[in-house]
Amino acid sequence: MRLTPLGHPDPDGKRLTGKHRSWRGLGLSILTTAALAFPATSEATHFRYGHYTWVPTGATSVEFRLQNAFRRDGYLCVNPSTLTTVICTAPDGHPGIGDVFPEFIGNTRLDFGDGSGTVGSPLGPLMYLVTSVDTANNWLFALALDPSSLPARDTTISHTYPSAGQYIAFTDSCCRISSVDNGNAHINNPDGGYRVQTTVTVGSGNTAPVSALPPIVICPYPATCSFTIPAADADGDPTRFRLSTASESSSFRPGGTCPTTFCQPGSSESGAPNPATVSPSGMYTWDTTGALLGPAGTTTLYSTQVTIEDVDSTGTAKSAVALDFLIQLVPCPAGGCIPPTFPAPPVGVPPVCNATFPVSVGGLLTFRVDASDANAGDSVSLNAVGLPPGAVLTPALPTAGNPVATSFGWRPSLADVGTLVITFSASSQDGIALCPVTVQVSANTPPSARCEPGPNPSGHLPSNGAPANENGFYRLLAVDAEDGTAPLYVSNSAGTVVFGPFSSETVVKITEAPAAVPSISPIGGTGSAVMAHIILDSDAVIYAVDSGGLVSPQFLCRVPPPPK
């Protein structure tokens with residue numbers, strides 16, 4: 001995509017050259033039709049982070065999930081139903097968690113790589129749902145919305161390719177942060193374009209790896225900075241990491257000393273003498289000694305991009321996804337930087353960091369994340385990226401303290417089936433610690449429920465020669481593919497009364513008395529094989545409810561007339 005500079009001044013009094021462009025130059029005339037009162041100009045140094053992944057949904061169909069982080073104070077919020085501007089929910093007037101905005105600064109659109117054209121939204125560029133924010137560092141983390149599903153907030157973009165094969169899906173736009181901009185000093189790729197891509201292997205049944213990192217990772221200076229890049233693969237394929245090439249990371253750069261379209265930290269003329277590396281297993285390492293720092297009072301940033309591949313048994317890449325983020329250099333005191341940590345949980349409590357949590361659709365996933373810093377005077381900021389829509393954190397993130405903690409709670413829906421990575425970060429003036437969590441969401445099937453003749457309070461089953469269960473003792477049974485079993489409930493035919501829950505294998509006596517008021521009472525005394533006596537005004541209806549809230553088909557437990 002090529003953008004045409006307009007030459008208008010921006011809000012900071014700068015000239016809108018090739019690196020500062022107005023949304024009015026992006027061909028978004030539909031914004032006027034939609035009565036969106038966007039500002040006349042916007043500075044384009046907005047990009048902070050990108051990661052795109054996908055899953056197959058049919059023979060040649062896939063669903064993309066686009067994670068991006070942008071400069072938070074650059075956007076207005078919209079109502080996805082009316083496509084009109086609305087007040088953002090954050091107290092400072094900028095987008096907050098749950099808000100929707102169109103990415104009009106870079107006019108971000110997804111190219112599927114098959115010649116079918118790019119996709120955006122009715123407003124032109126893609127619209128995004130905010131899932132995390134960082135007010136101190138002025139970024140928001142968001143998921144692109146599927147335009148074909150609007151006004152529903154569907155965070156997967158569906159596409160059917162014309163045939164099986166390999167395609168490169170991507171976004172390619174402008175701009176990365178300027179060399180000095182709003183307190184930031186971007187050293188190695190100032191004002192450069194940003195390209196985020198993924199290799200899609202259509203028709204193979206393969207699923208791409210998935211990751212999540214904070215848009216800004218803090219590294220000490222001068223020191224060796226190392227951190228592990230998280231990744232998970234739904235197919236269980238091994239993952240392999242490498243630095244992205246210049247052409248994979250950007251298609252243009254507006255001059256400067258770097259001789260290519262993108263310079264990794266430490267590459268020739270990038271402003272740092274020591275090259276950054278990433279091991280095949282995902283360990284990112286950079287000796288920041290000698291790296292150029294920004295002017296006094298600015299935050300020093302270097303941009304970098306990593307490609308994550310899933311590989312087959314021969315080591316051949318099956319697909320690839322990019323992970324584009326920033327590194328912030330933090331000068332260390334004489335005693336060295338001591339970053340925060342995520343302490344191990346108490347004995348008997350399962351670990352959270354680097355753990356994998358399985359959960360079924362509708363099930364409730366909960367865990368607690370704690371962080372602290374050995375420097376008692378340091379405040380630790382706790383945040384998270386890669387959060388699924390609908391997740392609830394208590395307290396809400398970001399939050400700060402020392403120690404600091406939050407509790408995570410989430411019920412996935414059918415649209416969430418698959419694998420996702422959530423990365424919690426704990427940062428202080430000395431650095432950052434990462435706590436990645438992998439969540440595997442599986443589809444859920446309803447349980448089944450039934451009843452069968454059961455023993456009387458003495459434990460005796462009806463004899464073969466007796467009338468069919470004439471005393472009305474029933475064993476309640478439930479089976480669930482995901483949970484093994486499920487709680488059972490007993491209702492009358494009209495559904496006006498419900499008794500339960502009962503565990504599978506529970507035995508109850510059921511009496512049908514059409515004129516009676518339905519009731520339940522103990523039966524048989526201590527040691528009885530029967531739990532309760534239930535009186536209903538009709539035959540009994542048995543059903544089960546699994547942990548995901550799915551209800552089984554009803555099973556009619558016919559109650560015989562009492563013996564004469």
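Entry note, the chain: the mean residue ellipticity at 222 nm calculated from DSSP H runs of n ≥ 4, each adding -39500 (n - 2.57), is -500 deg cm²/dmol after division by the residues and rounding to the nearest 500. Ligands, DNA and RNA are left out, and with a 1.4 angstrom probe the accessible area of segment 239-284 is 44 Å² per residue.
Peptides 79-86, 303-310, 331-338 ranked from most to least packed, by the mean per-residue count of other Cβ atoms within 10 Å: 303-310, 79-86, 331-338.
Selection among Phe408, Val441, Ser148 by position relative to the dipole of the chain gives Ser148 as farthest towards the positive end (Cβ unit charges, Cα centre). Potential lengthening of the chain between Ala136 and Phe252 amounts to 38.8 nm, from the contour at 0.36 nm per residue minus the alpha-carbon distance.
Sequence-distant contacts, meaning Cα pairs under 8 Å at least 6 residues apart, place the relative contact order of segment 267-372 at 16 percent. In terms of the mean number of neighbouring beta-carbon atoms within 10 Å, the peptides 405-413, 263-271, 224-232 order highest first as 263-271, 224-232, 405-413.
Remark on Ile177: its backbone amide H falls under 5 Å from those of Phe47, Asp191, a criterion applied only to residues 5 or more positions apart or on other chains, H modelled at 1.01 Å from N. All other residues with a Cβ under 13 Å from the Cβ of Phe555 taken together, and with Lys, Arg as +1 and Asp, Glu as -1, what is their net charge? Charge balance in the 13 Å sphere: +1. Between segment 499-562 and segment 291-334, what is the separation of their alpha carbon centroids in Å? After rounding, the separation between the Cα centres reads 61 Å. Of the peptides 129-135, 534-540, 110-116, the order by per-residue mean of other Cβ atoms within 10 Å, starting with the highest, comes out as 129-135, 534-540, 110-116.
The slack between Ser204 and Leu556, meaning 0.36 nm per residue of separation minus the straight C-alpha distance, is 122.2 nm. Accessible surface for Val217 stands near 0 Å², nearest 10, in the context of the full protein assembly shown (1.4 Å probe).
Residues whose amide H lies under 5 Å from that of Thr511, counting only those 5 or more places away or on a different chain, are Ile534, Ile535, Leu536; hydrogens are built 1.01 Å from N in the peptide plane. Given +1 at the Cβ of Lys and Arg, -1 at the Cβ of Asp and Glu and no other charges, the dipole of segment 353-506 around its Cα centre is 280 debye to the nearest 20. In this rough spin-label picture, where each label sits 7 Å from Cα along the Cβ direction, the Ile168-Gln440 distance is 3.3 nm.
With a Förster radius of 22 Å applied to the beta-carbon distance between Thr245 and Asn354, the computed FRET efficiency rounds to 0.15. What segment 130-178 shows is 33 Å² of accessible area per residue, with the surface traced by a 1.4 Å probe over protein heavy atoms.
Could you do me a favour and compute the accessible area per residue for segment 302-446, 1.4 Å probe, result in Å²?
39
Using the alpha carbons alone, the radius of gyration of segment 76-167 stands to its Kirkwood radius in an Rg to Rh ratio of 1.03.
Charges at C-beta only: +1 for Lys and Arg, -1 for Asp and Glu. How large is the resulting dipole of the chain about its Cα centre, in Debye rounded to 20? Using Cβ point charges on Lys, Arg, Asp and Glu, the chain gives about 620 debye. Residue by residue, segment 528-545 carries 3J(HN,Hα) couplings of 5, 6, 10, 7, 7, 10, 10, 9, 10, 8, 6, 4, 8, 10, 10, 8, 10, 10 Hz when phi is fed to the Karplus relation 6.51 cos²θ - 1.76 cosθ + 1.60 (θ = phi - 60°); x denotes Gly or Pro. Considering only alpha-carbon pairs that sit under 8 angstrom and 6 or more positions apart, the relative contact order computed for the chain is 10 percent.
Spin-label model, Ala415 to Ile87: label points 7 Å out along the Cα-to-beta-carbon direction sit 2.7 nm apart. Extension gain for Asp73 to Ser313 (0.36 nm times residue separation, less C-alpha to C-alpha distance): 81.8 nm.
Can you pull the percent of the chain's accessible area that's carbon plus sulfur, 1.4 Å probe, other chains left in place?
Answer for the chain is 56 percent, counting heavy atoms of protein chains only.
In the distance distribution for the chain, Cα-Cα pairs more than 43 Å apart total 32 percent.
To the nearest 0.05, how large is the calculated FRET efficiency for Ala400 and Thr496 if R₀ is 60 Å and r is the Cβ-Cβ distance?
Values: r = 52 Å, r/R0 = 0.87.
According to the calculation, E is roughly 0.70.
Per-residue 3J(HN,Hα) values for segment 212-223, derived from phi via the Karplus relation 6.51 cos²θ - 1.76 cosθ + 1.60 with θ = phi - 60°, read 6, 9, x, x, 10, 9, 8, 10, x, 9, x, 5 Hz in sequence order (x marks Gly and Pro). Projecting label points 7 angstrom from Cα along Cα→Cβ for Thr526 and Thr228 puts them 5.4 nm apart.
Give the ranking of Met127, Met283, Met531 by solvent-accessible surface, highest area first, calculated with a 1.4 Å probe.
Met531, Met283, Met127
The values are calculated or read from the model by the stated rules, or taken from the named source; none is laboratory data. None of the values given here were measured: they were computed from a predicted structure. Counting neighbours? That spans all protein chains shown, and the Cβs are built from the backbone with ideal geometry, glycine included. Keep in mind that these areas ignore ligands, DNA and RNA; they rest on the heavy atoms of the full protein, side chains included. Shrake-Rupley method; radii C 1.70, N 1.55, O 1.52, S 1.80 Å.
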